[in-house]
Amino acid sequence: MTVRTDRYDPEIVERKWQEEWERRGTNLFTDDELRTAEDPYYNLMMFPYPSAEGLHIGNVYAYVGADANGRYWRLRGKDVFEPMGFDAFGIHAENYALKVGTNPNELIPQNIANFTRQLKRFGGMYDWNHTVDTTDPSYYRWTQWVFLKLFEGGLVERREAPVNWCPSCLTVLANEQVIAGLCERCEATVEQRRLPQWFFKITRYAERLLGNLEQIDWSDVTKKAQANWIGRSEGAEVAFPAGAGVIEVFTTRPDTLFGATYMVLAPEHPDVDRLTTPEQRAAVEAYRAEVATRDLVERQKERKDKTGVFTGSFAVNPTNGQEIPVWIADYVLMGYGSGAIMAVPGHDQRDFDFATAFDLPIVRVIARPGDDASTPLTEAYAGDGVMVNSGRFDGLTVAEGKRAVVEWLANDKSAARARVNFRLHDWCVSRQRYWGPPIPIIHCDTCGPVPVPESELPVEHPPLEDFQPDDSGVSPLRRATEWYETPCPRCGRDAHRETDVTDNFLCSGWYFLRYPSARHDDVALDPELTRKWLPVDSYIGGNEHAVLHLMYARFLTMALHDLGVLDFEEPFDRFRAHGLLISGGRKMSKSKGNVVLPDKIVARFGADTMRLYLLFLGPYEHGGDWQDKGIQGPFGFLNRLWQSARDAVDGAPDPDVERALHRTIRQVTEQVPALQYNTAIAAMMEYLNVVRADGRTPRRSELEPLLVLLAPFVPHVAEELHARFGHARSIFDGASWPAWDESKLADETVEIAVQVNGRLRGRVSIAAGVDEADVIAAATANENVARHLADKTLRKTIVVPDKLVNLVVG
RNA sequence: GCCUGGGUGGCGAAAUUGGUAGACGCGCCAGACUCAAAAUCUGGUAGGGGCAACCCUGUGAGAGUUCGAGUCUCUCCCCAGGCACCA
C-alpha cells in the first residue's frame, strides 16, 4: 500500500469528480437508455423558480435529501432517473423584472445559468440531457396543449364569477393563493371582484382526490392538509318555500331542522332582490353597500359581533310549516354551499350569537341526558343527544334523526335530498399578466371561444416593451395589437386572441410528465417513455405546496388519465415532505441576518460537508436547526475518514470492527430509504470511531464498505477514496451495496442490566444466549445487587434475553 | 374552535417501539503537542450528594396500567404547522 501524505482538500476533489462525471456522462441517459432501462426508478424533486438571488439553502436541503435517495437506489442497482428543470414563468419573476427594470426574457436565462452552476457544484446527480424550462416555447407549447386537452374534455369553463383580485399584483388569484384573506405572494389584502375568468373544473374530482389519498404513500401531514382543503361534508340540501320560489340551503344537521327559526342569505345572494320588501329595501341596500366595502380580513375580525338586516320576507320551515323571517348577514358566505343557511340558534353557536343580537327565537331540538325539551339554552349545544320538540321524530338520536328527517322530507314533500358538499372550489387559471403562457383560445363573435389548432402551438407571447399590469382587469398582452387581432380558425372572420395567461401552477402541474420526453419536440408525452417511467417513484419537496402544486398535479394527472392520455391516475407513488430548515433557532430572514448562503458554505467546507451536515442536523422530515459551528462535526469526520483511508493497511477486518461494520450496514440500509438520514450518518460516525479506536491502524477492508454506505451523502469523497483504493470504475457503477450477515451481528458476550424492583443496581457481563438460571445466578452474584437483595425474599424474576434481569423482592 | 405534528442535557438530537434515558455531533472543561495561537489528538461532560464504592432526582404537569413507562391510557399546559363565521 502506498502511503500518501496529502490532506483532504474538498475543492480539488470535488472539481475533479464533477468534471469527470460530466466527461463520462455518468448521470446522463440517452433516449435509448431511457427506453431500455431494466429497473427504472424515477427520483423527482420539486424544480426551483430560478430567482436572481440563487439557490436558497432551503432548496439545497430539499435537493441533497432527494439526491441522497436517488444515489442510494442507484447503488442498490436501480436505473435512477433524476432530472432537474426550471419553473421560470410567473408573477415572482415578472415582479422582479419590473422592479429592476428589465425584461424577464433577458433575466431568466442568466438566473438559470447561475442555478445550473450551483446545482452542479452541490453534487446533484442530475440528468441534464432531460431538463425543462417552463418559459421555453418548446415546453409551454405543451402546457397550452394540456389546456386544450382539458378544454376538449369539457373540464375548462369561462364564466363570470366572484374572484380574488390582488390590488398589488393586479391580477386574479386562485383560492389556494389566498392565505387568510391576503395574497400569498405580496400579502396585500385580496378584494372580491366579479370578472369573467377561466376555470378548471377540479371540483368534479373532489371525491376522487380525497378518496385516493388512502391508497397513496404520502407524508401524513400532506394528506391531512389536502383532505382539509377538499373539506368534504355530508348532509342534505333542503328547500324552504319563500315567496314565489324556494331558498335552497345545505345543512350537515338535518336532525335540527325543527329548530330552524330564521334563515340567512349571503348579502351577495341572487335571491336577495326578489325577497326584499319595499319597506326594507333601503336598509338592505345600505347593508349590502357597507359589506361590499369591507374586505374578507375585516369580516373575519368582526366574527363575534354579528351584523345583518331583515329582508321583510318570510320562508316556510318545511318540517313544521312555521313562517320564519329571512335575513341577510355577512356571516353567511356566498362561496360555500348555496350561499344561504337555515339558522338553528339552539345548536349552532354562530346562529345563537346572531339570534341573541337580533332577539330571534331560540328553540331546543336536541336534549342531552338529563335535559328535557324545556331546559333553557345559554349557548348553542352542538353535541350528541336525542331529538325533542321535533314532532314524530322525538326520541331519535342525532345520527338516526339525520337520516329519518331527510328521508321524510324527500319522500313526502320533495323538499330535501342527501348531499355531499365540498369546500374545494374550481381552479381559476387565468391571470391578467404578461409572464406566462397565453391561453390558447381565440374569441370569435360568431363561433365563440375557439381553441387554437394544435398545429399552431405554441401561441408565443409577443415581445412587449411595456408589460406593466394595470387595474383594468385586462392583461398587458392586449397592448400587442398585431398579435391580438387574428382570424377565427373556424370561420376565418375577424377575431381576437384571449389575452390572459395561465396560472404558473399549470406549468408546474405537469412538468414531471414531460421530463422523460423532454427531447421529443413532436409530441408532449412519448407513450413508451411515459409508460416506462411514470408514475414517479419518489417525490420529495416542501409541504408548502400541499394544497397548491401537489393538488393541481394530482388533478391534472387524473384528468389526463380520463382523457386517455395517461394510463395511471396518481402521479407520485411516494411523496415525502421534508421539514423546515431554520437557522440559530429562528426562521431565516435577511433582517435577522441569519441567512445561510450555500455558495459560501461550499467555498469554505466543500459540497460533501454541506450535504452531510444538512442531513445530519435532524430528522429529514422534521427539519433542522443550522448552527454555523455544527458543520465542524461532519467536516472533521470527513478529514478523519480521509486520513484513515490514506493510512489503511491490507488485511482482514478485526472481529470487533467487523461486528460493528455489519451493524452499521444493517442500520444504514434500513434507514436511508426511510429518509432517516441523521441516524444513518450518526451510525457511520460511530463506526469510524470504532475503526480508529485507541489509535489503531485501519484496515482497507474495514473502510471499503463504509465508502459505499457514505456515497449517497458525500459522493465526491467516496468516489475519490474508492479510486485511490484502486478501482477504475465509478463507485456508483462498479461498487455493490454491502450486505450484512446476521450471524456477524451478535456479540459473544453481552452486558446484562440487573434491576432490583425495577431499579438498576448493577451490570454483569455474560456469554450471549445462556439460560435463565445462569443469568439469575450471575446477577445475584453481583456485589451491589446482592446488597439490595439481603434480608429480602425473591418473589419473581423477569429475564429479557441478553439484555436485562429484573429481580422482584418484598 | 377543528385537524396534524411536537415538548428529552448548555445546544441539534438518539432510544431496536414496553426493557440499561441522553447514541452521534456541537459547545464547554482538563490534558498532550506548540515560544505562542490555530489546527489536531486524548480524557471528561444530565442535575444533586459522597474521599470512594455508591445513593437520590430526572424525558412539559398531574394521575393510572405494569415487575418495569420517554414509549401505553386518561386529564391538563405550552410550542409549531394546516384549515377557519365552511352551515
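The values are calculated or read from the model by the stated rules, or taken from the named source; none is laboratory data. These numbers come from a predicted model, not from an experiment. All Cβ positions, even for glycine, are placed from backbone atoms using ideal geometry, and neighbour counts span all protein chains on display.
Here's the yes/no breakdown for (1) modelled with pLDDT of 95 or more; (2) within 24 Å of A:GLU82 (Cα to Cα):
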position: A:GLY542; (1), (2): no, yes
position: A:VAL547; (1), (2): no, no
position: A:LEU556; (1), (2): yes, yes
position: A:SER591; (1), (2): no, no
Could you pull out every one of the strands (runs of 3 or more DSSP E) wholly within the range A:159-278 that has 1 or more residues that are within 11 Å of RNA strand B (Cβ to nearest atom), surrounded by 15 or more Cβ atoms within 10 Å (Cβ to Cβ) and not aromatic (Phe, Trp, Tyr)? A:232-242, A:245-251, A:262-265
I'd like the full set of residues that are within 9 Å of RNA strand B (Cβ to nearest atom) and not hydrophobic (A, V, I, L, M, F, W, C), limited to the range A:348-367. A:ASP348, A:GLN349, A:ARG350, A:ASP351, A:ASP353
Across the range A:1-26, what is the number of residues that are more than 24 Å from A:GLN632 (Cα to Cα), β-branched (Val, Ile, Thr) and modelled with pLDDT under 90? 2
Tell me the residue from A:GLN118, A:GLN144 that is more than 26 Å from A:GLU460 (Cα to Cα), away from RNA strand B (no atom under 16 Å from the Cβ) and part of a helix (DSSP H, G or I), please. A:GLN118
Quick one: how many residues across the range A:304-313 are surrounded by 18 or more Cβ atoms within 10 Å (Cβ to Cβ) and within 12 Å of A:ALA242 (Cα to Cα)? 2
Qualifying position, being free of Cβ contacts under 8 Å to residues at least 60 places away in the same chain, surrounded by fewer than 18 Cβ atoms within 10 Å (Cβ to Cβ) and more than 45 Å from the chain's Cα centre (by Cα), among A:ARG368, A:ARG392: A:ARG392
Just checking, does the range A:470-477 include any residue being closer than 22 Å to A:GLN197 by Cβ, out of contact with any Phe, Trp or Tyr (no Cβ under 6 Å at 6 or more places or on another chain) and in a helix (DSSP H, G or I)? yes
Hey, can you tell me all the residues within the range A:788-810 that are without any contact (Cβ under 8 Å) to a residue 12 or more places away in the chain and within 11 Å of RNA strand B (Cβ to nearest atom)? A:ILE798, A:VAL800
Quick one: A:SER730 ticks every box in (1) under 47 Å from the mean Cα position of the chain (by Cα); (2) away from RNA strand B (no atom under 14 Å from the Cβ); (3) closer than 23 Å to A:VAL809 by Cα bar one, so which box is it? (3)
Quick check on the range A:663-674: of everything there that is assigned to a loop (DSSP other than H, G, I, E, B) and surrounded by fewer than 21 Cβ atoms within 10 Å (Cβ to Cβ), which residue is nearest to RNA strand B (Cβ to nearest atom)? A:ALA674
Of all residues in the range A:71-123, how many are closer than 14 Å to A:ASN504 by Cβ and free of Cβ contacts under 8 Å to residues at least 40 places away in the same chain? 0
Of those in the range A:90-104 that are of a type outside the set (Asp, Glu) and touching a Pro at 6+ places or on another chain (Cβ under 7 Å), the residue surrounded by the most Cβ atoms within 10 Å (Cβ to Cβ) is A:ALA93
Total residues in the range A:744-774, condition within 42 Å of the chain's Cα centre (by Cα) and not aliphatic (A, V, I, L, M): 1
Residues in the range A:520-534: is at least one within 16 Å of RNA strand B (Cβ to nearest atom) and under 30 Å from A:LEU34 (Cα atoms)? no
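Conditions tested, residue by residue: (1) more than 26 Å from the chain's Cα centre (by Cα); (2) buried (at least 16 other Cβ atoms within 10 Å of the Cβ); (3) among the hydroxyl-bearing types (Ser, Thr, Tyr).
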residue: A:GLU20; (1), (2), (3): yes, no, no
residue: A:TYR41; (1), (2), (3): no, yes, yes
residue: A:LEU44; (1), (2), (3): no, yes, no
residue: A:GLU82; (1), (2), (3): no, yes, no
residue: A:LEU107; (1), (2), (3): yes, yes, no
Filter the range A:677-696 for residues that are more than 7 Å from RNA strand B (Cβ to nearest atom) and not in a helix (DSSP H, G or I) and give the result. A:ARG696
Which numbered condition trips up A:LEU333, out of (1) closer than 30 Å to A:GLY181 by Cβ; (2) buried (at least 18 other Cβ atoms within 10 Å of the Cβ)? (2)
Hey, any hits in the range A:317-327 for a residue that's farther than 24 Å from A:GLU379 by Cβ, modelled with pLDDT of 95 or more, surrounded by 21 or more Cβ atoms within 10 Å (Cβ to Cβ) and in contact with a helix residue (DSSP H, G or I) (Cβ under 7 Å, 6 or more places away or on another chain)? yes
Please tell me if A:LEU377 is outside any helix (DSSP H, G or I), in contact with a Lys or Arg (Cβ under 6 Å, 6 or more places away or on another chain) and of a type outside the set (Asp, Glu). yes
Does the range A:461-484 contain at least one residue that is at pLDDT below 90 and of a type in the set (Ser, Thr, Tyr)? yes
Just need a number here: residues in the range A:313-347 that are more than 20 Å from A:ALA289 (Cα to Cα), within 6 Å of RNA strand B (Cβ to nearest atom) and not hydroxyl-bearing (Ser, Thr, Tyr). 2
Subset of the range A:537-554 that is crowded, with 22+ Cβ neighbours inside 10 Å and hydrophobic (A, V, I, L, M, F, W, C) - its residue that is nearest to RNA strand B (Cβ to nearest atom): A:ALA546
So in the range A:753-785, with the set limited to residues that are within 7 Å of RNA strand B (Cβ to nearest atom) and in contact with a Leu (Cβ under 8 Å, 6 or more places away or on another chain), which one is nearest to A:GLY810 (Cα to Cα)? A:ASN757
Within the set of pairs 6 or more residues apart or between chains, which connect a residue that is under 17 Å from A:VAL163 (Cβ atoms) and outside any helix (DSSP H, G or I) inside the range A:287-298 to a residue that is at pLDDT 75 or above and charged (D, E, K, R) with Cβ atoms less than 7 Å apart? A:ASP295/A:GLU191
